[in-house]
Structures are given as structure tokens and as C-alpha cells.
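First comes the structure, then the notes that go with it.
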């Protein structure tokens, strides 16, 4: 009996290759899904640093006073920072300062541009959900007592700083 063997892959060999590819895909794909969220966070961190430096510059050039509209919060919070003004944030006299921002910054985690002005609280993980109230329209929280601005998370219930998300557990 003379058998000739045809070249090719057996069903078992093909199944082994498919299983190996499936295992590799299960390991690699979750890393790519986290990459987009990491990119949004990194973008927001960079944007937060830029906004903070521009707010500090505006304050220095305006008699060490923060923007009145930023302190008030709401939809027009960024208006003082997107135009040229004098040293009292008015359009009269010599308008030599600004603009500090091209437009209202958009929070990359939730798409919000509005600012929630906080006049009483300090940064503490226990208050953040109560302060932002879960309002995703508010992309930013500005603390009038410290002059510091924070971003809000996608749900609007927590604040985001360069060190990460602050939540009620202190993380």
C-alpha cells in the first residue's frame, strides 16, 4: 500500500491557530479601548494647565483681580477672557490686555463649557458631587476662594485635576 500525502493544514491545526489568535485579541483589544480614554484625560490635563496659566496671567494684568464673569459662573463665564480689555475688564479706555483664550474651553471628558462658580467650599473629596450636582453642562468648577479651576467628569458628579479624578472615596 502506497499512500501519498497531500500537503495542507488539518482542521485541528487551523483550530489551534484560531484559538491562539483569539487569545491574543482578548489580551490586546482592551488596551486599545483604554487608549482613547487616556488620550482624553491627557488632553484635558494639558488644557487645564493652559487655562490655569491664562487665568493667572489675566489676574496679574487686571489689578490682581480675577474675571468678574468667571466668578459669576454660567454660560458667559469666559467672555472676559476671550476679548481685549483694560485693567478693569472693561472695554473703555486703553484696551491693551487679552485675549487670553480663543474661545470657551471645551471639557474633553463631557463636552461642557459652562463654569460652576463655587464661593464657599474648598477642594475636598466629600463635597464634589454635591457641588457639581451631576450637571454635565458644567465642564468646569471655579473656586473663588482659591482662584483655582477644575474640570468635571463625564457624568458631572466629580472633579478632575492633573492628578486624576477626585471622588467621594478620596481616589
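Since every read-out is calculated from the coordinates, none of them should be taken as a lab result. Just so it is clear, the model here is predicted, and its values are computed rather than measured. Backbone-built Cβ (ideal geometry, glycine too); neighbour counts: all protein chains shown.
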Potential lengthening between residue 47 and residue 76 on full extension [0.36 nm per residue; Cα-Cα distance subtracted]: 8.5 nm
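Using a 10 Å cut-off on Cβ atoms, rank the peptides 142-150, 87-95, 104-112 from the highest mean neighbour count down. Present the calculation step by step, with values, prior to reporting the outcome.
Values: 142-150: 16.9, 87-95: 12.0, 104-112: 19.8.
Put in order of decreasing packing, that is 104-112, 142-150, 87-95.
Shape of the stretch 68-121 from its Cα gyration tensor (a ≥ b ≥ c, root eigenvalues): rounded if a/c is under 1.5, otherwise prolate when a/b > b/c, or oblate?
Values: a/c = 3.31, a/b = 1.59, b/c = 2.08.
Verdict is oblate for the stretch 68-121.
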Mean Cβ neighbour count within 10 Å, used as a protection proxy, ranking 42-51, 20-29 highest first: 42-51, 20-29
For the stretch 82-98 versus the stretch 10-27, the gap between their alpha-carbon centres in whole angstrom: 67
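Out of every Cα pair in the stretch 15-166, what percent are spaced more than 27 Å from each other? Write down the numbers at each step before the final one.
On the way: 3772 of 11476 pairs.
Cα-Cα pairs of the stretch 15-166 separated by over 27 Å account for 33 percent.
Which semi-axes, in whole Å and largest first, does the equivalent ellipsoid of the stretch 28-71 have when worked out from the alpha carbon gyration tensor as the square roots of 5 times its eigenvalues?
Values: eigenvalues 260, 15, 3 Å².
Ellipsoid half-lengths, sorted descending, are 36, 9, 4 Å.
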Stretchable slack from residue 40 to residue 163, in nm (0.36 nm times residue separation minus alpha-carbon distance): 42.9 nm
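Using 0.36 nm per residue, how much length does the chain from residue 16 to residue 32 gain when fully extended, once their Cα-Cα distance is taken away?
3.3 nm
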